[in-house]
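Some notes on the structure that comes next.
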Amino acid sequence: MPPGPIGLFDSGVGGLTVATEIRKAFPQQTVIYIADQFHVPYGGRPASEIKQFAGGISRFLANSGCEMIVMACNISSATALDEVRQEHPNLSIFGVVQPGARAAAADTRNNSIGVLATLGTTNTREYTRHISLANPDCQTTEVACPRFVPLVESGQTGTAGAVHAATEYLTPLAEQGCDTIILGCTHYPYLMPAIHTAARDLFSEMPRFIDPAKYLVHDLGLLVPSVNPQSPANRFYTTSDPVQFRLQAGVLEPSLEGDFSALTWNNGILEVGS
Ligand code: DGL
């Protein structure tokens, strides 16, 4: 049996950073990507809502033949991973928090780790928990960054406002002397120029920035076959406007190719079409 596609999802364009890492590591592997842009941003929403969204999207991906599902979205990984795994015991479900936390715990030299994430993720303290499991001597400082995701979704990553926001969010991490900082939201790699500009003024030595997606692919690699004789087109869905989503994806990740179309939420169930 040829393997099914890898399914992955996020609230919006951020998970395209994860899709790109997966396609780079496994070019033979087809992906199905879902951007829940109808509900973006997820960051300020209650955990109960995030669980509903993650559950509905994972059901759609499972029904689409995905045997591996990646919760590219950090807030979903932090709140809904266990429930979705229980619902689909025969599928391999991956989150991004654990690989990111493990990588940071292995990387730090002074045991002071920072996490930039959405409020929903920092509220769970899941990064702190997983970092402590990997290295109990680490001190973790988590900072919620509510202005970051809207900047990325609206294409304003290169603005003075982005540097201003980055300065505000990095300041407590500089005060703690963090030498390693986790980008705990998939949207944040697109803000790296602004984050670097801010960090140059705040840190005497540039901290190392960890993108969990780069470490997630190591975990996936244990299960992804190196050859896939069937390689249908990638599929990119949005719960908003697919024309707009294709344009955003084309700017952010021009190497990602595939079919773009719409999904609609209907009483918690995702259906094809707008
Ligand atoms: N990109 C998602 C994450 O990694 C959520 C961003 C949001 O919609 O607030 O957590």
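The values are calculated or read from the model by the stated rules, or taken from the named source; none is laboratory data. Here the structure is a predicted model, which is why all the values come from computation and not from measurement. Every residue, glycine as well, gets a Cβ built from its backbone with ideal geometry; the counts of neighbours run over all protein chains shown. SASA here: full protein model, heavy atoms, side chains in, ligands and nucleic acids out. Shrake-Rupley method; radii C 1.70, N 1.55, O 1.52, S 1.80 Å.
Springs between alpha-carbon pairs under 10 angstrom, Gaussian network model over the chain: which of Thr159, Thr121, Thr180 fluctuates most?
Answer for the Gaussian network model of the chain: Thr159.
Which of rounded, prolate, oblate describes the stretch 47-157, given a ≥ b ≥ c as roots of the alpha-carbon gyration tensor eigenvalues and a/c under 1.5 marking rounded, otherwise prolate only if a/b is larger than b/c?
Note, shape of the stretch 47-157 comes out oblate.
Only bridges with both residues in the chain count here: give the DSSP antiparallel percent, nearest 5. Don't jump to the answer; show the numbers that get you there.
Details: 4 of 39 bridges.
About 10 percent, rounded to the nearest 5.
So if we plug the beta-carbon distance of Ala106 and Ser154 into 1/(1 + (r/R0)^6) with R0 = 51 Å, what FRET efficiency do we get, rounded to 0.05?
0.90
Over the chain, what percent of the accessible surface lies on carbon and sulfur atoms, probe 1.4 Å?
Numbers: 6050 of 11790 Å².
The C+S portion of the solvent-accessible surface of the chain is 51 percent.
For the chain, place one equal point scatterer on every Cα, skip the solvent, and apply the Debye formula. What is log10 of I(q)/I(0) at q = 0.10, 0.13 Å⁻¹?
Values returned for q = 0.10, 0.13 Å⁻¹ are -0.47, -0.81.
Where the only charges are on Cβ atoms (+1 Lys, Arg; -1 Asp, Glu), what is the dipole of the stretch 138-274 about its Cα centre, to the nearest 20 debye?
Dipole of the stretch 138-274, to the nearest 20 debye: 160 debye.
Might you report the magnitude of the Cβ-based charge dipole of the chain about its Cα centre, with Lys and Arg at +1 and Asp and Glu at -1, to the nearest 20 debye?
Taking the Cα centre of the chain as origin, the dipole is about 160 debye.
Work from the charge dipole of the chain (Cβ charges, +1 for Lys and Arg, -1 for Asp and Glu, about the Cα centre) and give the residue of Gly14, Asn110, Gln28 farthest towards its positive end.
Gln28
What is the gain in length, in nm to one decimal, between Arg246 and His218 on full extension, counting 0.36 nm per residue of separation less the C-alpha to C-alpha distance? Numbers along the way, then the final one.
On the way: separation 28, 0.36 × 28 = 10.08 nm, distance 2.81 nm.
Here the segment from Arg246 to His218 would lengthen by 7.3 nm.
Of Ser154, Leu220, Leu247, which is farthest along the charge dipole of the chain in the positive direction, counting Lys and Arg as +1 and Asp and Glu as -1 at C-beta?
My answer, from the dipole projection, is Leu220.
Per residue, what accessible area does the chain have, given a 1.4 Å probe and all protein chains present, in Å²?
On the way: 11790 Å² over 274 residues.
It amounts to 43 Å² per residue over the chain.
Please list, by residue number, everything in the stretch 133-169 whose backbone N is under 15 Å from a paramagnetic label point 7 Å out along Cα→Cβ of Met192.
From the stretch 133-169, the list is 158.
Mind checking which helices in the chain clear 18 Å along their axis (Cα) and have mean Kyte-Doolittle hydropathy of -1.0 or more, DSSP H runs only?
Working: long enough: 47-63 (24 Å, 0.15); 74-87 (19 Å, -0.59); 160-175 (22 Å, 0.37).
In the chain, the long hydrophobic H runs are 47-63, 74-87, 160-175.
Mind checking the full-extension length gain between Ala134 and Phe38? Use 0.36 nm per residue of separation minus the Cα-Cα distance, one decimal, nm.
Details: separation 96, 0.36 × 96 = 34.56 nm, distance 3.59 nm.
Stretched out fully, the Ala134 to Phe38 stretch lengthens by 31.0 nm.
Hey, rough spin-label estimate for Arg147 and Glu257, points 7 angstrom out along Cα→Cβ, what's it come to in nanometres?
4.0
Taking 0.36 nm per residue of sequence separation and subtracting the Cα-Cα distance, how much length would be gained by fully extending the chain between Thr171 and Ser48, in nm to one decimal?
Working: separation 123, 0.36 × 123 = 44.28 nm, distance 3.11 nm.
Full extension of this stretch gives 41.2 nm more.
Springs between alpha-carbon pairs under 10 angstrom, Gaussian network model over the chain: which of Cys185, Cys145, Cys73 fluctuates most?
Among Cys185, Cys145, Cys73, the largest mean-square fluctuation in the Gaussian network model of the chain belongs to Cys145.
Assuming R0 = 30 Å, can you tell me the calculated FRET efficiency for the pair Arg208 and Trp265, based on Cβ-Cβ distance, to the nearest 0.05?
On the way: r = 39 Å, r/R0 = 1.30.
Efficiency computed from Cβ-Cβ geometry: 0.15.
Pick out which of Gly15, Gly44, Gly95 has the largest mean-square fluctuation in a Gaussian network model of the chain, springs linking Cα atoms closer than 10 Å.
Judging by the Gaussian network model, the answer is Gly44.
What nm distance separates the two modelled labels at His164 and Ala233, each placed 7 Å from Cα along Cα→Cβ?
Going by the 7 Å Cα→Cβ label model, 4.2 nm.
Leaving ligands, DNA and RNA out of it, rank His196, His187, His130 by accessible area with a 1.4 Å probe, largest first.
Numbers: His196 65, His187 0, His130 30 Å².
My answer, sorted largest first, is His196, His130, His187.
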